[in-house]
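*Asks:* Structure in C-alpha cells, see below.
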C-alpha cells in the first residue's frame with residue numbers, strides 16, 4: 001500500500017515537474033498538470049512587464065481592427081446565409097410541389113462528391129517504393145536559434161549563424177528508405193554497394209572497445225551486424241549508394257528524385273516548429289529512437305520506420321533512428337561565401353542530418369549536423385529521398 | 001471570496017481594463033503576462049512556433065475585446081481559460097495531421113488510429129473551476145510565513161529545474177528542497193478540501 005502511494009506520488013511529481021506528459025483521462029495526471037499550469041500562470045502574472053505601453057497600444061490597434069473586420073465579415077456571412085436559406089426554402093417548396101404533382105416513381109440517391117482535399121495524402125503502408133508527402137514552399141529559420149535550439153546545453157559551432165531560408169515546394173519521403181525498398185533497387189539493377197564491393201565492409205562499433213569504430217568486411221546493408229526486418233531503415237549505404245538509388249528511382253518512375261538539400265531536410269524536420277525537436281525543447285524517447293531504451297523507444301538498434309508519431313508535416317523519424325544523407329557539401333558554418341562554395345568538389349564531405357539510434361539526444365535536434373565522406377557507410381547511416389514538384 | 005482573492009481579481013480586472021480602454025499602461029502588463037505564459041507552455045510539452053504563439057496572443061486579445069464587458073468576477077480564471085483553450089485549439093489543428101504506422105504480421109506497415117503526440121489531458125476539464133480552486137490553494141500557501149519561499153521553490157520545480165539547481169538558486173540544501181517538494185501533493189490535496 002505504502003509502495004503504491006509512493007509510486008503515485010512519484011508519477012504525480014513527474015508531471016508537475018514537466019518530466020513526463022500527462023495521460024488524458026488519468027485523474028492524478030490531470031490534477032498534476034493543472035497544478036503545473038496554474039503555477040506557471042501565476043509566475044507569468046508576477047513577472048515585470050517586458051512590453052512597453054507604446055507596443056501594447058499598437059497591438060491593441062491591430063487587434064481591434066481585426067475584431068471589427070471579423071464582425072463585418074460574419075455579418076456579411078449571416079446575411080448571405082439567410083439569402084441562401086431563403087432561396088433554398090423557396091426552391092424546396094417549388095420542388096416539393098412539382099414532386100407531388102408527378103406520378104410515384106422510385107427516386108435514386110445522388111451523392112455529391114466532396115471537393116475537400118486532405119492536407120496530407122491518405123496514408124498507405126510503405127511498399128517497396130517510398131511514399132512521398134508534398135510540402136508547400138515556405139521560409140524558416142535554419143540553424144541554431146538562441147533561446148530555442150540551444151536549450152539542451154548549447155549548439156555546435158557548425159549550426160551558427162541562424163538564418164532565414166526560403167525553400168521551394170518539394171515532396172519528401174514519409175519514411176527513411178527501408179531495407180525492402182533498397183532491396184527492390186538492388187534486385188532490379190544488381191547494384192553492388194560500397195560496403196559489398198570487394199568486401200570493403202561497413203563501419204560498426206568495435207565490440208571489444210565500444211568507443212572505437214572498425215570497418216567490418218563481413219557487414220553491409222544485408223547484414224549490418226544486427227537483424228533488420230524489411231521495414232527497418234536501410235543502413236551501411238554510402239552517399240554514392242544513396243545517389244544511385246535516387247537515380248534508379250527517377251528512371252523507374254519518370255519523376256526527378258534526389259537527396260534533400262540541408263535546407264529542405266531541416267525545413268521538413270522542423271515541421272514548422274522553432275524548438276530543438278519538433279515536439280519541444282527537451283529530449284523525449286517517446287518521440288524518437290535514440291541511444292538507450294526507454295518509454296516508447298524500445299529498440300537498441302534501428303526501429304521499424306514509422307513507429308513514432310509523425311511531425312506536423314506527417315514525416316516520421318526525422319529525429320533519430322538513422323542519420324540521413326543530404327545532397328549538400330559540408331560547410332563548417334553557415335557563413336558561406338562564394339569562394340567557399342567553389343570548394344565543394346565531387347570528393348568533398350557531405351552533410352548528414354537527424355542523428356541515429358546510437359546518439360545522445362542532442363545529436364537528434366533538428367539543427368544538428370555532421371559531415372561524412374562520399375564513401376562513408378556505417379550501421380547508423382541511411383537516407384530518404386525528395387522529389388521535385390512540377 | 002477571501003480578501004486576497006478580491007485583491008488579485010481587482011488587479012486582474014485593472015490589467016484587462018487598461019488594455020480594453022487603452023489607458024494606464026495601455027495593456028502592457030496584460031500582454032506581458034499572456035506572452036510569458038504562452039512561452040512557458042511552448043517550452044516543454046506543448047511546442048508551437050513563435051509565429052503560432054503570436055497568433056494565439058492575437059486571438060486571445062480579440063476574445064478579450066469581445067467579451068471583457070461581461071466579466072464580473074474570477075477574472076484570472078477566465079483569462080487563463082481563454083488563453084489555454086486558444087493554445088489547445090492550435091495544438092488540435094496540428095494533431096489532426098498525425099498518423100502512426102505499425103507493422104502487420106508480414107512486416108508491412110499499416111496505418112493505425114491517430115496518435116496523440118501531445119497530451120491534451122488538461123483540455124477538456126472544467127478549466128474555470130479547476131483554476132479558481134488552485135488559485136485559492138496557492139494564495140493560501142503564499143500567505144503562510146514561509147509561503148513566498150515555498151512558492152519560489154514550486155515555481156522553479158514546475159519549470160523543470162532539478163533539486164540541486166533549485167538549492168543553488170535559493171541558497172538551501174538539496175535535502176531541504178526535497179523535503180519541501182515531497183509534501184506538495186498532500187498539501188495541495190488538503191487545501192483543496194478546505195477551500196474549494
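*Asks:* Determine, for A:225, A:127, the number of other Cβ atoms within 10 Å of each Cβ, and report the residues in order from fewest to most.
*Replies:* Numbers: A:225 17, A:127 13.
So the ranking, lowest neighbour count to highest, is A:127, A:225.
*Asks:* Within a 10 angstrom radius of the beta carbon, how do B:88, A:177, A:215 rank from fewest other beta carbons to most? Intermediate values should be presented prior to the final figure.
*Replies:* On the way: B:88 20, A:177 27, A:215 14.
If I rank by nearby Cβ atoms, fewest first, I get A:215, B:88, A:177.
*Asks:* Using the 10 angstrom Cβ neighbour count as an exposure proxy, how do A:183, A:387 rank, fewest first? Before the final figure, lay out each step's value.
*Replies:* Working: A:183 15, A:387 21.
Listing A:183, A:387 from fewest to most nearby Cβ atoms yields A:183, A:387.
*Asks:* Could you work out the relative contact order of the stretch A:132-388, using alpha carbon pairs under 8 angstrom and six or more residues apart, expressed as a whole percent? Kindly include the intermediate steps, with their values, before the conclusion.
*Replies:* Values: 590 pairs, mean separation 69.1, N = 257.
Dividing the mean separation by the residue count of the stretch A:132-388 yields 27 percent.
*Asks:* Please compute the contact order of the stretch A:157-231 in relative form: average sequence separation of alpha-carbon pairs under 8 Å and at least six residues apart, divided by the residue count, as a percent. Numbers along the way, then the final one.
*Replies:* Values: 56 pairs, mean separation 19.5, N = 75.
Over the stretch A:157-231, the number comes to 26 percent.
*Asks:* Starting from the 7 Å offset along Cα-to-Cβ, what nm value, one decimal, do you get for the label separation of residue B:73 and residue A:69?
*Replies:* In this crude label model, residue B:73 to residue A:69 measures out at 3.9 nm.
*Asks:* Under a crude label model (7 Å from the Cα following the beta-carbon direction), how far is residue A:57 from residue A:200 in nanometres?
*Replies:* 6.9 nm
*Asks:* Report, to one decimal in Å, the Kirkwood hydrodynamic radius for the stretch B:144-196 based on all distinct Cα pairs. Walk me through the intermediate numbers first.
*Replies:* Details: mean 1/r = 0.0866 Å⁻¹.
Answer for the stretch B:144-196: a Kirkwood hydrodynamic radius of 11.6 Å.
*Asks:* Once you put a point 7 Å from the Cα of residue A:333 and another 7 Å from the Cα of residue A:360, both along the Cβ direction, what distance in nm separates them?
*Replies:* Calculated label separation equals 2.3 nm.
*Asks:* Which of the three applies to the stretch A:132-388, rounded, prolate or oblate, going by the alpha-carbon gyration tensor with a ≥ b ≥ c and a/c under 1.5 meaning rounded? Mind dumping the intermediate values first?
*Replies:* Working: a/c = 1.37, a/b = 1.20, b/c = 1.15.
Note, shape of the stretch A:132-388 comes out rounded.
*Asks:* With both bridge residues required to lie in the stretch A:132-388, what share of the DSSP beta bridges run antiparallel, to the nearest 5%?
*Replies:* 90 percent
A short reminder: the numbers here are calculations on the coordinates, not readings from a lab. Owing to the predicted nature of the structure, the values given are computational and were not obtained by experimental measurement. As a convention, Cβ positions derive from the backbone with ideal geometry for all residues, glycine included, and neighbour counts pool all protein chains shown.
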